[in-house]
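Enquirer: I'd like to ask some things about the structure below.
The values are calculated or read from the model by the stated rules, or taken from the named source; none is laboratory data. This is a predicted model, so every value here is computed, not measured. Every residue, glycine as well, gets a Cβ built from its backbone with ideal geometry; the counts of neighbours run over all protein chains shown.
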Amino acid sequence: MKCPSDALTHLRCDQILDVAELLIESQGIVSFKFSQIAKDVGCSTGTLYKLFERKEDVLVCLFLRSATSNYMPIFVDKNPDLTAQERLLLPILFTFETIKRSRSFFTLRSVSVNAMIWKLASDEKVKLFKRRIHSFWQWLTDSVNLAIANGELEATPLQAKELVQGITFYLTGSLTQFESKLISPEFLSDERNTYYRHLSRLMAQYNWKKPLTQELYFSLEERTNGFFERNYKKHLTCKACKDLSEALKEKDSACLGCPSKA
């Protein structure tokens, strides 16, 4: 099921997703129903099914609409002075900022990447989802390669790949432990400083010309916080999500003839 192309349908999709997000926050990700969404939006279930083929489509779209990749290109455009190392840290800090502002994003992030969920979505949504996950890993990979190219980092191809993997695994693990609310406080220290300490230890395993410091990390954190304060709601739309999806599709098409994809 393809994303809508006209402004009116975009608004209707946003209304549906806003209601679905509220239902997830109040009823849980398992219990919310299509019929309740339609009732709260004020549309028929038939209208709902024209836009979202199944429940899993709603979950995938909620994740895509809030995904950090919607914001990172905008931030880079507004901050052209970023180092490659800072670009590498953006997906981490942007994920933290999104979770602060959306009670459901952590749940959506955890559930939607489960194959038992995304594989049940309609074919078009699966394509969008896979492309967006790929773009997240590609952003990290490109940032590491840029750091190597401009002399910020010395690393072999294997070390570069392991650094990308390490950051992704760090992000998933740290979020799971803090956001689950299952871990007794006696096992965890201050959240903000814990995030920094474990990330700095990960980064320190690699040969950076300038190692990650607390000052650099917290400074970038403040900049991302200010950016989200100004831009989060403005870009939390189906149109913004669709525009990025189209841009990623064009980028993929342009690279079909690249040596790396030949």
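Enquirer: Considering 22, 90, 62, which residue is touching a Leu at 6+ places or on another chain (Cβ under 6 Å) and at pLDDT 90 or above? If you could, list the steps in order and put the result at the bottom.
Expert: Details: 22 fails: touching a Leu at 6+ places or on another chain (Cβ under 6 Å); 90 fails: touching a Leu at 6+ places or on another chain (Cβ under 6 Å).
Checking each option against the conditions leaves just 62.
Enquirer: Only one of 184, 112 is small (Gly, Ala, Ser) and more than 20 Å from residue 232 (Cβ to Cβ). Can you tell me which? First the steps, then the outcome.
Expert: Numbers: 112 fails: more than 20 Å from residue 232 (Cβ to Cβ).
Testing whether each residue is small (Gly, Ala, Ser) and more than 20 Å from residue 232 (Cβ to Cβ) leaves just 184.
Enquirer: On to the next question. Being among the β-branched types (Val, Ile, Thr) and either closer than 13 Å to residue 237 by Cβ or in a loop (DSSP other than H, G, I, E, B) (or both) is the filter here, so list the residues in the range 1-54 that pass it.
Expert: Passing the criteria: 9, 16, 29, 30.
Enquirer: Kindly establish whether residue 215 is in a helix (DSSP H, G or I), over 28 Å from residue 61 (Cβ atoms), under 24 Å from the mean Cα position of the chain (by Cα) and at pLDDT 85 or above.
Expert: no
Enquirer: Quick check on my filter: what residues within the range 220-236 are surrounded by 12 or more Cβ atoms within 10 Å (Cβ to Cβ) and either in a helix (DSSP H, G or I) or out of contact with any Asp or Glu (no Cβ under 8 Å at 6 or more places or on another chain) (or both)? Can you show your working first?
Expert: Step one: filter the range 220-236 for residues surrounded by 12 or more Cβ atoms within 10 Å (Cβ to Cβ), giving 220-221, 223-225, 227-228, 231-232, 235-236.
Passing the criteria: 220, 221, 223, 224, 225, 227, 228, 231, 235, 236.
Enquirer: Just to be sure I understand, how many residues within the range 194-212 are in a helix (DSSP H, G or I) and under 18 Å from residue 84 (Cβ atoms)?
Expert: If we filter the range 194-212 for residues that are in a helix (DSSP H, G or I), which is where we start, we get 194-204.
Still in the list and also under 18 Å from residue 84 (Cβ atoms): 199-200, 202-204.
Counting residues in the range 194-212 that are in a helix (DSSP H, G or I) and under 18 Å from residue 84 (Cβ atoms) gives 5.
Enquirer: Here is a further query. Would you confirm, using the coordinates I've provided, whether residue 135 is of a type outside the set (Lys, Arg) and under 17 Å from the mean Cα position of the chain (by Cα)?
Expert: yes
Enquirer: Same structure, new question: Name the residues in the range 176-193 that are in a helix (DSSP H, G or I) and more than 21 Å from the chain's Cα centre (by Cα), would you?
Expert: Once the filter is applied, which keeps residues that are in a helix (DSSP H, G or I) and more than 21 Å from the chain's Cα centre (by Cα), the range 176-193 yields 185, 186, 187, 193.
Enquirer: Which one of 29, 16, 37 is modelled with pLDDT under 90, closer than 19 Å to residue 104 by Cβ and surrounded by 18 or more Cβ atoms within 10 Å (Cβ to Cβ)?
Expert: That would be 29, the only listed residue that is modelled with pLDDT under 90, closer than 19 Å to residue 104 by Cβ and surrounded by 18 or more Cβ atoms within 10 Å (Cβ to Cβ).
Enquirer: Moving on to the next point. Among (1) closer than 30 Å to residue 19 by Cα; (2) surrounded by fewer than 11 Cβ atoms within 10 Å (Cβ to Cβ); (3) modelled with pLDDT of 85 or more; (4) not hydroxyl-bearing (Ser, Thr, Tyr), there is one condition residue 181 misses while meeting the rest; what is its number?
Expert: Residue 181 satisfies all of (1) closer than 30 Å to residue 19 by Cα; (2) surrounded by fewer than 11 Cβ atoms within 10 Å (Cβ to Cβ); (3) modelled with pLDDT of 85 or more; (4) not hydroxyl-bearing (Ser, Thr, Tyr) except (3).
Enquirer: Now for a separate question. Given the conditions (1) more than 11 Å from the chain's Cα centre (by Cα); (2) more than 25 Å from residue 181 (Cα to Cα); (3) part of a helix (DSSP H, G or I); (4) in contact (Cβ under 8 Å) with a residue 60 or more places away in the chain, and given that residue 127 satisfies all but one, which numbered condition is not satisfied?
Expert: (4)
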